Amino acid sequence: RYEGGRRTTLNGEGVAPAEEVLAQQARGCSVRLSWPQRHSTKLWGLLAALEEWFGCGAGCNAYWTPAGTQGFAPHYDDVDVFVLQVEGEKRWTLHPPRSEEELLPRASSVDFEQASLGPPLAELTLSPGDLLYLPRGTVHQARTPPGGPASLHLTVSVSRRHTWRDLLELGLMGALETAAASNVAFRRALPRQHLSYVGAMHSDSTDPRRAEFAQQAHALLSQVLASLPVDAVADQFAVQNWMHERMPPLAPPDDARRLAHGKPNLDARVRMRSRSVARLAVEGELAVLYHHAGNTRVYREIDEPQHIDFDLDAAPALDVLLASYPKYVSVRKLPLETDAQKLDVVAALAEANLLLVREPAKE
């Protein structure tokens, strides 16, 4: 509850008992339900669709706020948010980021004092069915008008830690390892007594060794950037984040009837169940297919990204299946040497619930 310029959070340990929640509601406190998609198939489907569209994980919270009250202090979030008003009304006051440093932030803010915000960017009231988009860094606060019903709204979020900065942070670590392994210059000791001419205390020094030191550092950094494996980094970033944390796929009724149950035969035609249900990566002597079909609706409940390991010989067939979506592909025509290999690949995909199947008789 936010009152008198101060927010009070009454979270306890574990699951809140219903009687305690009802008692706090009666005192004018807001209630936040985290991850309501665990309990609602419609929200599960909404988040799964947004993840497919944006190519990143999506989240959701539900907020119930009594009439005439406010639950949170002014603040900004580290995610892009879609506010969906479900019941009642809510009055929103929006402020722009206070500085360039707070534009599209990676972390959520502290609670702000009202006096620090300046004039509002917008003031608006959401009614049931209304949608409001808040980019990361938008300072916001919301209050349920007095004299009416309580407010219920959903916040659906995307783009958490899904920036160029996050991708490059991962990529540069790998690029540095690659460059150091192939170029002995990275492994040489730093110059003797380098601390006698570089560092803040020597920033005004005219010692020529300073320029030589900076030139060498910049030259090595250029080699690191040249070693950046963009494709491999994109795969690794997608696997470690998106594939690991996204919702399991929710099949529409028509697709659910075509999900492979058992092993497809050579005469069957198959396709992946969605465009981005899986991601192929080459790791050493293996073609590794990462997927999210085994995920649950609980955020990262599975300890690591789900994957199927294939011999490299299977990579061309996997490429065809991934690239052909949404078209169906004949199992018999997969680019593998033997029928046994073709059947092994589609059997592994079917077992992981990644394939839709059309039998010839249904054409």
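Tell me, yes or no, whether the stretch 89-98 has at least one residue that is surrounded by 16 or more Cβ atoms within 10 Å (Cβ to Cβ), of a type in the set (Asp, Glu) and assigned to a strand (DSSP E or B).
Within the stretch 89-98, not a single residue is surrounded by 16 or more Cβ atoms within 10 Å (Cβ to Cβ), of a type in the set (Asp, Glu) and assigned to a strand (DSSP E or B).
Selection of the stretch 297-324 for residues being closer than 22 Å to residue 245 by Cβ and either open to solvent by 30 Å² or more (accessible area, probe 1.4 Å) or part of a helix (DSSP H, G or I) (or both) yields 297, 298, 299, 300, 301, 302, 303, 304, 306, 307, 309, 322. Just one of (1) within 18 Å of residue 108 (Cβ to Cβ); (2) part of a strand (DSSP E or B); (3) in contact with a Phe, Trp or Tyr (Cβ under 6 Å, 6 or more places away or on another chain) fails for residue 155. It is (3). For the stretch 101-110, the criterion of being surrounded by 15 or more Cβ atoms within 10 Å (Cβ to Cβ), in contact with an Asp or Glu (Cβ under 8 Å, 6 or more places away or on another chain) and not in a helix (DSSP H, G or I) is satisfied by at least one residue. Taken over the stretch 333-347, the residue count meeting the criterion of being in a helix (DSSP H, G or I), in contact with a helix residue (DSSP H, G or I) (Cβ under 9 Å, 6 or more places away or on another chain) and open to solvent by less than 30 Å² (accessible area, probe 1.4 Å) is 3.
Can you list the helices (runs of 4 or more DSSP H) lying wholly within the stretch 201-286 that have 1 or more residues being at pLDDT 95 or above and more than 34 Å from the chain's Cα centre (by Cα)?
Working: elements: 208-226, 230-237, 253-258.
Hits in the stretch 201-286: 208-226.
Taking the conditions (1) without any contact (Cβ under 8 Å) to a residue 60 or more places away in the chain; (2) surrounded by fewer than 16 Cβ atoms within 10 Å (Cβ to Cβ) in turn, residue 255 satisfies each one other than (1).
The values are calculated or read from the model by the stated rules, or taken from the named source; none is laboratory data. Computed from a prediction, not measured in an experiment: that's the story for all the values here. Using ideal geometry, Cβ is built from the backbone for each residue, glycine included, and neighbour counts are taken over all protein chains shown. Calculation scope for accessible area: heavy atoms of the full protein, side chains included, ligands and nucleic acids excluded. Shrake-Rupley method; radii C 1.70, N 1.55, O 1.52, S 1.80 Å.
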